[in-house]
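Notes follow the structure.
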Amino acid sequence: MDQSLHVFLKKEQDDLNQALIRYINTLDIPKRLKDSVLYSINAGGKRLRPLLMKLTCIGLGGKEERIYPAAVALEMIHTYSLIHDDLPAMDDDVYRRGQLTNHMKFDEATAILAGDGLLTNSFHAISTTDLYSAEEKIEIITKLSTASGLEGMVAGQLLDMEAENKQIPLEELEKIHHLKTGRLISFAVEIGGYLAGVSVEKMKILKRYGDYLGVIFQIQDDILDVEGDQAIIGKSVGSDIENDKSTYPHLLGVDGAKNYKDNYLKEAIKCLADVGLQGTDLENITQYLSDRNQ
């Protein structure tokens with residue numbers, strides 16, 4: 001990774017981490033539950049989704065401070081989903097981001113409750129802020145609940161579990177990852193544009209960009225499960241093969257998956273140009289996410 005990009009990402013991640021922890025510290029939480037929540041929050045991560053929201057909003061002329069309640073809520077939902085995905089009933093993972101998963105560090109019941117709490121309080125973070133009007137709160141909560149709920153991420157997780165140990169066509173694979181990964185990414189850039197006050201037409205283009213980026217992110221994730229370095233990724237590689245999961249490399253071959261990803265990358269960059277975000281930090285991050293090694 002380019003050193004200047006590394007420094008930029010580190011600063012942005014630190015800002016978003018501080019906003020998350022500030023919010024958690026305003027709540028009166030039993031110690032064990034708070035420890036469990038902060039354990040997963042402090043595990044790190046790219047803070048991709050809130051970063052995309054921030055860069056979209058700023059790039060389109062919005063104010064930085066406006067994104068934080070929605071960005072915190074979004075990352076809380078993402079963190080809850082990782083805690084629950086790692087549970088024995090789901091992916092049954094032992095490590096996440098180079099450390100024990102939440103249920104291995106604490107226990108299954110505590111991990112479930114930590115995830116439940118993060119999900120529920122994400123909407124509290126939006127509804128109680130003074131930075132949004134009542135209309136804005138309704139719009140953001142409506143879009144976030146749709147993206148993360150029964151028609152979005154949750155549906156994608158179920159379809160992903162049902163697809164294990166069977167061969168599915170490429171169209172079905174894309175549907176799974178559009179729901180499981182893409183919907184929250186699309187939400188991030190849509191709300192970034194919404195908070196910047198862009199037109200409905202630009203919002204549609206941003207949503208399309210988010211859809212493309214979700215596919216790019218997942219394809220690279222699948223490629224890293226084949227070619228990645230466990231020491232860099234922070235989790236075991238080869239698990240997709242062990243679990244006989246349908247992935248882009250499995251369906252298209254590694255080279256075919258890379259070519260497929262590159263086509264989506266071109267479309268994503270075109271969307272950015274169409275809304276006036278070409279040559280911005282958001283374009284640099286898009287390229288980085290396509291090439292990342294973790």
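Every number here is computed from the coordinates shown, using simple stated rules; none is lab data. Remember, it's a predicted structure, so these values are computed and weren't measured experimentally. We place every Cβ from the backbone using ideal geometry, glycine too, and count neighbours over all the protein chains shown.
Considering all C-alpha pairs of the stretch 82-238, those separated by over 23 Å amount to 48%. Our coupling estimate for the stretch 211-217, obtained by passing each phi through the Karplus curve with A = 6.51, B = -1.76, C = 1.60 and θ = phi - 60°, is 4, 5, 5, x, 5, 4, 4 Hz, Gly and Pro reported as x. 3J(HN,Hα) along the stretch 147-164, derived from phi through the Karplus expression 6.51 cos²θ - 1.76 cosθ + 1.60 where θ = phi - 60°, amounts to 5, 9, x, 5, 9, x, 4, 5, 4, x, 5, 5, 4, 5, 5, 5, 7, 5 Hz, with x in place of Gly and Pro.
Evaluated over the stretch 52-160, the count of Lys pairs having alpha-carbon atoms less than 18 Å apart is 4 (only pairs 8 or more residues apart or interchain).
The charge dipole of the stretch 144-202, taken about its Cα centre with unit charges on the Cβ atoms of Lys, Arg (+1), Asp and Glu (-1) only, comes to about 180 debye. Remark on residue 96: its backbone amide H falls under 5 Å from those of 101, a criterion applied only to residues 5 or more positions apart or on other chains, H modelled at 1.01 Å from N.
Here the chain is treated with +1 on each Lys and Arg Cβ and -1 on each Asp and Glu Cβ, and its dipole about the Cα centre works out to around 820 debye. Label point 7 Å out from residue 155 along Cα-to-Cβ: which residues of the stretch 56-77 have amide N under 20 Å? Zone members listed by number: 77. Cross-link reach is defined here as a Cα-Cα straight distance under 15 Å, omitting same-chain residues fewer than 8 places apart; for residue 11 the aspartates and glutamates meeting it are 2, 64, 281.
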